[in-house]
Amino acid sequence: MNGSTEINAEYRPSLPLGLSWLNEIKRDPLAAASELHRRYGDVATLNILFRRICYFFTPEAARQILVDHHADFVREARLLRIFASFQGDNALTTEGTDWERQRRILAPGFTPKRVAGYTQLMHAAIQDCVADVLPTSPGSSAVVDADGLTTRITMDVILRTLFSSPMTKQDAAQLSIAIRALTRQSMREVYWPFVAPDWLPYPGRTSKLTHRRTIQALIETHINARTASNAVPREEQDVLDMLLSAKDEASGNHQNALSAREIRDNCVLLFAAGFDTASSALCWWMGLIATRPDVVDALRAELADTDFAASGIEQIVRAPYLNATIKEAMRLYPPSAALFTRVAQRDCVIADTTVTKGTLVVIPIWQLHRDARSFPAPLEFRPERFMPNADPIPRSAYMPFGAGPHFCLGQHFALIEMALVAAYLIKHIDFALPPGAKLPDPTVDVALKPKTPLLVQVTRRETPS
Ligand code: HEM
């Protein structure tokens, strides 16, 4: 335990809550957390199946857990083992020195400078997907599933930046089926009381192994093509080139590069982490924008003099209002809204509360982002909150990309990608919700997705602005 806060720390006995709460959390983790907050205030401690679980609902506590006290916490071993059974051993599913080494090796591929080098690949992917999915002739309309469109785009973007290779329609269909099935299965397994080994016959096992193989095989095909003796030398570096040539100087001579298997498993991670979160953010952004013609007008005015040539792209990714609309969409609908947990490795004090070793702490991003103490009129879509001249957002009240040593490796990548997609859509498409429609409720499907299809009426503009 540390310092003087320990003396005054409050020990909160666990509330006698049992399986009914586990069922509530499983059914709707966002509503369950809101109910806990409403009933018990900023710290809710409960006991489920002999497990002490503590929800902290303030930005200060979130910061203490993720940043100031990060060494007192680890990510939940059970969760990591479940994710490893889907993705293998990579920077998301390992801890300790293994994680440090993999994170150090991956990080140079995602610096702002490096990501700036991927923008033309991103733009090409966006253009091709929009041409494939949306009506092409000026004035023509269709009703599209926003999640389907944004998933298609972000999948293609990540595959092109990983492997410099566009996604065929066939790949897209196969991958979507595989990913959806794996996501559903992982959400089931998260709530099982045990981590199922591959050899055990359990519900969903055959489909999981088949779909996992589909994704690994696709990634191995790209890696094998690149490492074949007759591979053509390439000028532009993509993420795979970076992974193949990466050396971890900090770890000395031994194990300083990623093994072939680690390269494959980290590609699986970057693929999985890279598209579903960004697609969730863009899907909700589309839905929100479709309800606000005034915001669309302001965006068109801001982007009027930009194009997708190199200098225009730079202007787009810096456009303040465009970025503010994306940030505000992620405030209302943070893609990683649940499963944001840590386990205390030792007793410590968080927000004047004693957290005993082994306690599972939950950082409820959804509630932090919708707390009126940090965001006045929290349920309103107000991009102005994120404009440079706005009142400062309270520290750690907004953290869609996390904080501390595990903060999102793909943050710059995602922000640039989302700005390019959003700008492209704003310039080429008019959108509205179908008459009488409202935004659907969200559901946690690893990333935050619409519970029912978020349908948007899109019309190709006569002349792109
Ligand atoms: C809107 C898009 C995205 C959001 C909201 C998001 C959110 C997050 C969050 C909250 C974490 C931290 C989890 C924790 O601390 O437990 C995280 C970690 C991570 N993200 Fe993202 N992410 C996004 C896009 C991406 C992209 C595009 C990539 C890669 C191309 C990526 C790669 C990763 C990786 C590798 C980690 C694990 C980092 C570590 O544990 O060291 N993410 N992300």
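The values are calculated or read from the model by the stated rules, or taken from the named source; none is laboratory data. Just so we're clear, the structure is a prediction, and the values are computed from it rather than from any experiment. Here Cβ is always computed from backbone atoms with ideal geometry, including for glycine, and neighbour counts include all displayed protein chains.
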Worksheet entry | Candidate set from region 151-187 (those that are β-branched (Val, Ile, Thr) and either closer than 30 Å to Pro203 by Cβ or away from the ligand (no atom under 16 Å from the Cβ) (or both)); member that is farthest from the chain's Cα centre (by Cα) | Thr168
Worksheet item: Tally time: how many residues in region 410-426 are more than 11 Å from the ligand (Cβ to nearest atom) and either assigned to a loop (DSSP other than H, G, I, E, B) or modelled with pLDDT under 95 (or both)?
Response: 0
Practice prompt. Give the residue, chosen from Thr221, Thr277, that is more than 13 Å from Ile426 (Cβ to Cβ) and within 16 Å of the ligand (Cβ to nearest atom).
Written response: Thr277
Worksheet entry | Qualifying residue in region 343-351 (condition: within 13 Å of the ligand (Cβ to nearest atom) and in contact with a strand residue (DSSP E or B) (Cβ under 9 Å, 6 or more places away or on another chain)) | yes
Worksheet item: Looking at this structure, is Met155 surrounded by 15 or more Cβ atoms within 10 Å (Cβ to Cβ) and assigned to a loop (DSSP other than H, G, I, E, B)?
Response: no
Item to complete: Could you list all residues from region 98-148 that are more than 21 Å from Ile263 (Cα to Cα) and among the hydroxyl-bearing types (Ser, Thr, Tyr)?
Response: Thr119, Thr136, Ser137, Ser140, Ser141
Discussion item. Contact list please: Cβ distance under 7 Å, first residue in region 340-357 and at positive phi, second residue aromatic (Phe, Trp, Tyr), pairs at least six apart or on different chains.
Written reply: Ala351/Phe56
Fill in: Search result, residues across region 282-321 that are part of a helix (DSSP H, G or I) and touching a Gly at 6+ places or on another chain (Cβ under 6 Å)
none
Item to complete: Could you tell me whether any residue of region 87-95 is in a helix (DSSP H, G or I), within 16 Å of the ligand (Cβ to nearest atom) and at pLDDT below 95?
Response: yes
Worksheet item: Of all residues in region 158-195, how many are in contact (Cβ under 8 Å) with a residue 12 or more places away in the chain and not in a helix (DSSP H, G or I)?
Response: 7
Worksheet item: Is it true that some residue in region 123-136 is in contact with a strand residue (DSSP E or B) (Cβ under 6 Å, 6 or more places away or on another chain) and in contact (Cβ under 8 Å) with a residue 40 or more places away in the chain?
Response: yes
